[in-house]
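See structure below.
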Amino acid sequence: MSVLSIATSLQTQYHEVRRHTLKLVAPLSAEDSCVQSMPMASPAKWHLAHTSWFFETFVLERFEPNFKPWNSSYRVLFNSYYEGIGEQYPRPKRGLITRPSLDDVKAYRGNIDERIDTVLENKSLLNDKAADQLIFLITLGLNHEQQHQELILSDIQHLFWQNPLFPAYHKQPVTASSNDTPVKPLEWLNYEETLAHIGYSGDSFHFDNEQPQHRSFLESFQLANRLVSNGEYQEFINDGAYQNPALWLSEGWHWLHSRPQAIDKPLYWKKTNEKGWCTFDLSGLEALNPNAPVRHISYYEADAYARWAGARLPTEAEWEYAAKQALEKSQQADAQPSLVQLFDQAWQWTSSSYAPYPGFKPADGAIGEYNGKFMVNQYVLRGGSSITPKGHSRPSYRNFFPADTHWQYTGIRLARSQ
């Protein structure tokens, strides 16, 4: 495939991703788009601007002839964490950026889109030896924007949770949690000890933290065929697990009790007089579905539940090895379902700390800060969730968050040693 053909295809993909981001914020008012619910979250308006800043900073500044920034102040306002680019506006104060307005940010996005089109249609650039780098940076920018599409939804859900009216982001559920069929008893799938190849191997896009592919010895283990359900997690609560220090890591126990109101249930669970237990979703406050996978669980909660259940959390190597096997089997004509809910319900905590693979080297320059600088004090999650853009994830994808994160769509898949 010629570079010109790749650029044409990439241009189509670019506009699809960018339009989808605007579609996600369409139900929001200007007020909704400006507010920040906590330091770890960001206003929807900031997400809109930052994803455009990424293309302006890493693509246009390098490849656009006679580059001029749309607004020089945006270089600081919408720089997330790239020290190599320069100063950043403090993350906890993003909700104070009332100017530029939402309309101004949308105008900024439109301008960047037009200029990216011009770059992708510039045949002299595409015939240059740096064309591969141009294509890579735009592809990286699109995958980066898809990550922010998921963050827009999880951040707005956390924001609306703070509102006593419990407003719905959308009248129709946007998640895939509706299921009235009782869950079948959890099944354990067996995996023999093996020397597995872990990490990405292929020609398609992947993030730098998915490589190099390396060998990892796995002892024999078992993996649950599905995620832990709300109903099963209720049994954990009813058994007094949140009051039992023997189940919790020391930091987890401190996390439970360091808040003004001690944590005794998953985030977004609420007991009401009318409906009993409810959960707050993007479609509003709904009766808790016992058959749906439990979500919005911190690493501490996932680890405590696994201990209570007589199991453990899988390592990321175990998860990836099993997921790759499941995908290979699913392509066979007589395939029987094995692992389910891998990519479409909740990100799954692993017991693996987020660290570089053997031989990992970050890219040169500021773009090398994308993943590598966060390889400390975080845990790896695998899979994908009901709000992850379709096709964005893969078995080697490494998501990561601090152990106390529970506003993301995080859940539990159990493992056992044999």
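What is the chain by shape, rounded, prolate or oblate, if you read a ≥ b ≥ c off the alpha carbon gyration tensor as root eigenvalues and call it rounded for a/c under 1.5, prolate for a/b larger than b/c, and oblate otherwise? The shape class here is oblate. For the range 259-418, the relative contact order comes to 30 percent (Cα pairs under 8 Å, sequence separation of at least 6). The helix-only estimate of mean residue ellipticity at 222 nm for the chain, built from DSSP H runs of length n ≥ 4 each weighted as -39500 (n - 2.57), is -10500 deg cm²/dmol after division by the residue total.
The label point for Lys129 and the one for Glu235, both projected 7 Å from the Cα toward the Cβ, are 6.4 nm apart. May I ask for the distance between the Cα centers of the range 84-150 and the range 203-224, given as a whole number of Å? For the range 84-150 versus the range 203-224, the Cα centre distance is 30 Å. In a simple Cβ point-charge model (Lys, Arg +1; Asp, Glu -1; nothing else charged), the range 191-318 has a dipole of about 560 debye relative to its Cα centre.
Net charge of the neighbourhood of Gln88, taken over other residues with C-beta under 12 Å away and scored Lys/Arg +1, Asp/Glu -1, is +1.
Remark: accessible surface ordering of Tyr14, Tyr200, Tyr89 (largest first) is Tyr89, Tyr200, Tyr14, probe radius 1.4 Å. Distance between the 7 Å Cα→Cβ label points at Gln13 and Leu195: 3.5 nm. Remark: the chain carries a charge dipole of roughly 520 debye about the Cα centre, counting +1 on each Lys and Arg Cβ and -1 on each Asp and Glu Cβ.
Within 13 Å, Cβ to Cβ, of Pro245, how many net charges do the neighbouring residues add up to if Lys/Arg are +1 and Asp/Glu are -1? Computed value for this residue: 0. Here the range 355-418 is treated with +1 on each Lys and Arg Cβ and -1 on each Asp and Glu Cβ, and its dipole about the Cα centre works out to around 340 debye. When nucleic acids and ligands are ignored and a 1.4 Å probe is applied, Lys373 ends up with an accessible area of around 80 Å². Shape of the range 185-333 from its Cα gyration tensor (a ≥ b ≥ c, root eigenvalues): rounded if a/c is under 1.5, otherwise prolate when a/b > b/c, or oblate? The shape class here is prolate. Available extension along the chain between Lys265 and Gln418 is 52.0 nm, counting 0.36 nm per residue and deducting the alpha carbon span. Can you bin the range 5-63 into rounded, prolate or oblate? Criterion: square roots of the alpha carbon gyration tensor eigenvalues sorted a ≥ b ≥ c, rounded for a/c under 1.5, prolate for a/b above b/c, oblate for the rest. Oblate. For Ser229, the residues whose modelled amide H falls within less than 5 Å of its own, excluding neighbours fewer than 5 places apart on the same chain, are Val294. Note that the chain presents 47 Å² accessible area per residue, ligands and nucleic acids not counted, probe 1.4 Å.
Stretching Ser204 away from Ser258 to a fully extended chain increases their span by 15.0 nm, per 0.36 nm per residue minus the current alpha-carbon distance.
Of the solvent-accessible surface of the chain, computed with a 1.4 Å probe over protein heavy atoms with every protein chain present, carbon and sulfur atoms account for 50 percent.
The values are calculated or read from the model by the stated rules, or taken from the named source; none is laboratory data. Since we're looking at a predicted model, the values are computed, not measured. As a convention, Cβ positions derive from the backbone with ideal geometry for all residues, glycine included, and neighbour counts pool all protein chains shown. Accessible surface is based on the protein model in full, side chains and every heavy atom, while ligands, DNA and RNA are left aside. Shrake-Rupley method; radii C 1.70, N 1.55, O 1.52, S 1.80 Å.
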